[in-house]
Amino acid sequence: MKPAVTYELLHVDKNSGARRGVVHTPHGDIQTPVFMPVGTLGTVKSMTPEELKEEVGAQIILSNTYHLYLRPGSKIVKEAGGLHKFMNWDRPILTDSGGFQVFSLGDLRTINEEGVQFKSHLDGKKLFFTPESVMETEEDLGSDIMMAFDECCPYPSTYEYTKNSMERTTRWAKRCKEAHKTVDKQSLFGIIQGGFYKDLREQSAKDLIELDLPRICNRWNKCWGTKRRIFRYIKIYHSTYARK
């Protein structure tokens with residue numbers, strides 16, 4: 001079955017390897033590279049959908065699974081006709097899996113092979129996220145692009161911790177793929193992990209390629225260091241995956 005979201009490569013810069021392309025989604029095309037405004041709770045703060053289209057020229061919006069799960073609740077969004085109708089946005093939407101938000105909870109969460117147990121930052125209620133439950137939530141939201149549930153590794157971390165975290169992320173990505181039902185309407189993207197260890201980043205990319213997901217992405221923690229360091233590791237992604 002053809003994936004719901006596909007990528008068309010138009011041009012590759014011969015000096016930098018930067019690529020120009022088009023992402024085709026059920027709710028329209030996205031010209032890349034692209035600026036993606038963040039609408040965490042289904043709205044970009046202080047802006048209407050019309051302003052996003054006409055003044056910003058936004059082609060896609062990012063919303064967050066973790067926050068929408070807590071409020072108003074993914075089932076309510078589904079009953080409203082999905083996130084597009086809920087927020088009056090007829091262009092593409094990407095939903096993050098909530099992996100980073102769970103990571104940022106710190107002492108409020110516990111990670112194991114099955115998933116993540118955490119306390120809501122709103123009322124302290126105990127909750128449990130698994131790859132399967134996150135897929136169900138993202139399918140309820142109805143985004144065009146669903147990110148796989150991943151474990152965000154803190155910085156700094158030991159090599160052993162980072163390796164275990166990266167391998168768990170791959171196993172969770174496999175479970176996400178197996179649980180994903182709406183393949184004709186939504187595409188599942190994998191997430192590369194491995195911290196700042198070159199061999200782990202390379203292995204993560206290779207493992208995700210073998211899962212044959214529509215696309216894979218890099219996960220970066222804003223506190224992981226300088227732009228120069230991040231750019232150095234983007235080259236790993238590019239050499240391992242983007243040229244293939």
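Any idea which residue in segment 141-166 is surrounded by the fewest Cβ atoms within 10 Å (Cβ to Cβ), counting only those that are polar (S, T, N, Q) and in a helix (DSSP H, G or I)?
The qualifying residue surrounded by the fewest Cβ atoms within 10 Å (Cβ to Cβ) is Asn164.
So how many residues does segment 27-52 have that are surrounded by 15 or more Cβ atoms within 10 Å (Cβ to Cβ) and in a helix (DSSP H, G or I)?
Final tally of qualifying residues: 2.
Say whether the condition of being at pLDDT 90 or above, assigned to a loop (DSSP other than H, G, I, E, B), touching a strand residue (DSSP E or B) at 6+ places or on another chain (Cβ under 8 Å) and farther than 20 Å from Leu83 by Cβ is met by at least one residue in segment 196-214.
Yes, some residue in segment 196-214 is at pLDDT 90 or above, assigned to a loop (DSSP other than H, G, I, E, B), touching a strand residue (DSSP E or B) at 6+ places or on another chain (Cβ under 8 Å) and farther than 20 Å from Leu83 by Cβ.
Of the conditions (1) in a loop (DSSP other than H, G, I, E, B); (2) in contact with a helix residue (DSSP H, G or I) (Cβ under 8 Å, 6 or more places away or on another chain); (3) modelled with pLDDT of 95 or more; (4) open to solvent by less than 60 Å² (accessible area, probe 1.4 Å), Pro72 clears all except one; give me its number.
Among (1) in a loop (DSSP other than H, G, I, E, B); (2) in contact with a helix residue (DSSP H, G or I) (Cβ under 8 Å, 6 or more places away or on another chain); (3) modelled with pLDDT of 95 or more; (4) open to solvent by less than 60 Å² (accessible area, probe 1.4 Å), the lone unmet condition for Pro72 is (2).
Quick check on my filter: what residues within segment 87-124 are of a type in the set (Asp, Glu), outside any helix (DSSP H, G or I) and open to solvent by 70 Å² or more (accessible area, probe 1.4 Å)?
Asp90, Glu113, Glu114, Asp123
On the given criteria, is Phe128 over 20 Å from Pro214 (Cα atoms), open to solvent by 10 Å² or more (accessible area, probe 1.4 Å) and either in contact with an Asp or Glu (Cβ under 9 Å, 6 or more places away or on another chain) or assigned to a strand (DSSP E or B) (or both)?
yes
Would you confirm whether or not segment 132-140 contains a residue that is in a loop (DSSP other than H, G, I, E, B) and either open to solvent by 70 Å² or more (accessible area, probe 1.4 Å) or not charged (D, E, K, R) (or both)?
no
Write out, first by first residue and then by second, each pair whose Cβ atoms fall under 7 Å of each other, whose residues are 6+ apart or on separate chains, and whose first residue, in segment 3-32, is touching a residue at least 60 places away in the same chain (Cβ under 8 Å) and closer than 25 Å to Val183 by Cα while the second is basic (Lys, Arg) and surrounded by 13 or more Cβ atoms within 10 Å (Cβ to Cβ).
Going by the 7 Å Cβ cut-off, the qualifying pairs are Ala4/Lys185; Tyr7/Arg215; Pro26/Lys185; His27/Arg91; Gly28/Arg91.
Only one of these is aliphatic (A, V, I, L, M) and closer than 28 Å to Thr130 by Cβ: Val56, Val44, Val5, Val12. Name it.
Val5
Count, please, the residues in segment 21-58 that happen to be closer than 26 Å to Gly98 by Cβ and among the basic types (Lys, Arg).
Residues meeting the conditions: 1.
Say we look at segment 167-188 and pick out the residues that are surrounded by 24 or more Cβ atoms within 10 Å (Cβ to Cβ) and among the hydrophobic types (A, V, I, L, M, F, W, C); which of these is nearest to the chain's Cα centre (by Cα)?
For segment 167-188, the residue satisfying everything is Leu188.
Picking from His84, His67, His24, His11, which residue would you name as being open to solvent by 40 Å² or more (accessible area, probe 1.4 Å), of a type outside the set (D, E, K, R) and part of a helix (DSSP H, G or I)?
His67 is the lone residue from the list that is open to solvent by 40 Å² or more (accessible area, probe 1.4 Å), of a type outside the set (D, E, K, R) and part of a helix (DSSP H, G or I).
Being touching a residue at least 40 places away in the same chain (Cβ under 8 Å) and open to solvent by 50 Å² or more (accessible area, probe 1.4 Å) is the requirement here; does Glu55 meet it?
no
Going by what's in this entry, would Lys198 be described as of a type outside the set (Val, Ile, Thr), touching a helix residue (DSSP H, G or I) at 6+ places or on another chain (Cβ under 8 Å) and either without any contact (Cβ under 8 Å) to a residue 24 or more places away in the chain or surrounded by fewer than 15 Cβ atoms within 10 Å (Cβ to Cβ) (or both)?
Against the criterion (of a type outside the set (Val, Ile, Thr), touching a helix residue (DSSP H, G or I) at 6+ places or on another chain (Cβ under 8 Å) and either without any contact (Cβ under 8 Å) to a residue 24 or more places away in the chain or surrounded by fewer than 15 Cβ atoms within 10 Å (Cβ to Cβ) (or both)), Lys198 qualifies.
The values are calculated or read from the model by the stated rules, or taken from the named source; none is laboratory data. In this text, all values refer to a predicted model and were calculated from it rather than measured experimentally. So basically every Cβ, Gly included, is an ideal-geometry build from the backbone, and we count neighbours across all protein chains shown. Heavy atoms of the whole protein, side chains included, go into the accessibility calculation; ligands, DNA and RNA do not. Shrake-Rupley method; radii C 1.70, N 1.55, O 1.52, S 1.80 Å.
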